[in-house]
1. If amide H atoms are built 1.01 Å from N in the plane of the peptide, which residues on other chains or at least 5 residues away come under 5 Å of the amide H of L311?
2. With every protein chain kept in the model, how would you rank H106, H368 by accessible area, 1.4 Å probe, largest at the top?
3. Name the long-range amide H neighbours of Y373: under 5 Å, sequence gap of 5 or more, or other chain; modelled H, no Pro or chain starts.
4. Using a 1.4 angstrom probe on the protein heavy atoms only, line up W151, W84 by accessible area, largest first.
5. How much accessible surface area, in Å² rounded to 10, belongs to the heavy atoms of K349 with a 1.4 Å probe?
6. Quick one: if you stick a label point 7 Å off each Cα along the C-beta vector at Y4 and R233, how many nm between them?
7. Heads up, I need the accessible area for F85: 1.4 angstrom probe, whole protein in place, Å², nearest 10.
8. Which sequence of Y408, Y59 reflects their accessible areas, 1.4 Å probe, from the largest down?
Amino acid sequence: MSDYLYFFLTLLLTETEMYVAAFLFSCRFDGRSNFALRVVLSCAGGVALTAIAALICFYIPRAADLWSAGLFVPQTFAAVLSAWFCYGARFRDIALAGSASVAVAHASEQAARTITLSVWSSGGGAYGALIRAGLFAVILAAAVVVFRRIWRGEESDVGKFSVLLFPVTLGVAVALDFAGLIIVDFGVIYATVISVCGIFYGAFMLFAISAFLVSRNSEEELAVIRSLWNEDRKHYEMQKESMEMINIKCHDLRHQIRRLRESGASGSERAMEEIENSVYVYDSMFRTGSEVLDVILCDYSLRCRKSDVQLTCMADGEKIAFMDDLDVYSLFGNMLENALEYEQTIAEKENRFISLTVRSLPGGVSVHAENRYEGDEKAQADIGKTSKADKRNHGFGIKSMKKIVEKYGGRTDIIIADDMFQVDIFIPERAGAGGKE
């Protein structure tokens, strides 16, 4: 009975590690209905599986070690399927969580094995189990913190690669376990070498998975930004066409008003002046030297007036003539859109303002924009994060701006200070040496 209990507790430790890791890596997803009941049923199933595995080891004592290594496979699958049973996530996401769980469990187990072999030349008994549990807790905590920062859960598509990665990660880990159990007969040194290899393998897999997630995030962000740039191109072409038509009509109306005034059929002079002033708003609102910038400023000037936001601009558009029209539209459009969205949330209308400056500096072009900010100035780390519910399709404005500036070898600095949200962009003059591409 004592042998069976030993096998049961040993395998239960492994099963517990896999369940804890799989559930912690998966907890970023929403739980399914009756979540508590599902967890209880999953844990009961895990214990039942462990009891059966212990019976196998008990009745085949000579192959107990090999069986225990091989039983890591069904235990791992049980943990992954349980996480999928409890959390409402795609299986590919749970499979990726399973790969990370295997890496953590394998690295901690091999690290503990290395320590116990060097100290006791054996499994270390209860001390070995405590060392393994402690190492597992530390490695898992560090991995969960890192993955929480880089894994967006349902907002990120990990692709089908994660489903293939899981059996590969598990298979290599089991192979190393078998190698360690077999080679221990050749001496402690050889077994220690295999254990060290297992540590590096677990660390490598965690690094590979994290690099994969970072790469997927970058690919998705770039795809969204490119999609936004395509939308910006369409919007710019439509706005440019509309502004040209409005300017033509306004030009004609001003000539008609002049002719009516000269013919003496103008009627009320005051009414004619009001009409002429209204036409002038559209006809010559901005003349910066950049047609694209003029279109953007005209559009946002009208939107700012509607929202009682004061927009001031001192821009030398000729200084950005080297930039592609679409880049200018996306850069300044995102800049002004972010500012206007925030200013509309300020209660006191007299405090709403946006300022934009484009000027030449030694060595390049400077773009400075600022608007009133009444939030917490300590929120510097949250710059660029959207407040909208749809996190996946929003929050890319600042990222788009930075990528455009980087394209021209420039830099972007965004700070919150003195009740101001400030954007400072500097593009070196060498970016414009060859003109537009």
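1. Correct list: I354.
2. Sorted by accessible area, descending: H368, H106.
3. Residues meeting the criterion, in which the H sits 1.01 Å from N, are M420, F421.
4. The ranking, largest first, comes out as W84, W151.
5. About 110 Å², ignoring ligands and nucleic acids.
6. Here the modelled spin labels are 7.2 nm apart.
7. Here the residue's solvent-accessible area equals roughly 90 Å².
8. On the way: Y408 30, Y59 165 Å².
My answer, sorted largest first, is Y59, Y408.
The values are calculated or read from the model by the stated rules, or taken from the named source; none is laboratory data. All values reported here derive from a predicted model rather than from experimental measurement. For neighbour counting, all protein chains shown are included, and Cβ atoms are generated from backbone atoms with ideal geometry for every residue, glycine included. SASA here: full protein model, heavy atoms, side chains in, ligands and nucleic acids out. Shrake-Rupley method; radii C 1.70, N 1.55, O 1.52, S 1.80 Å.
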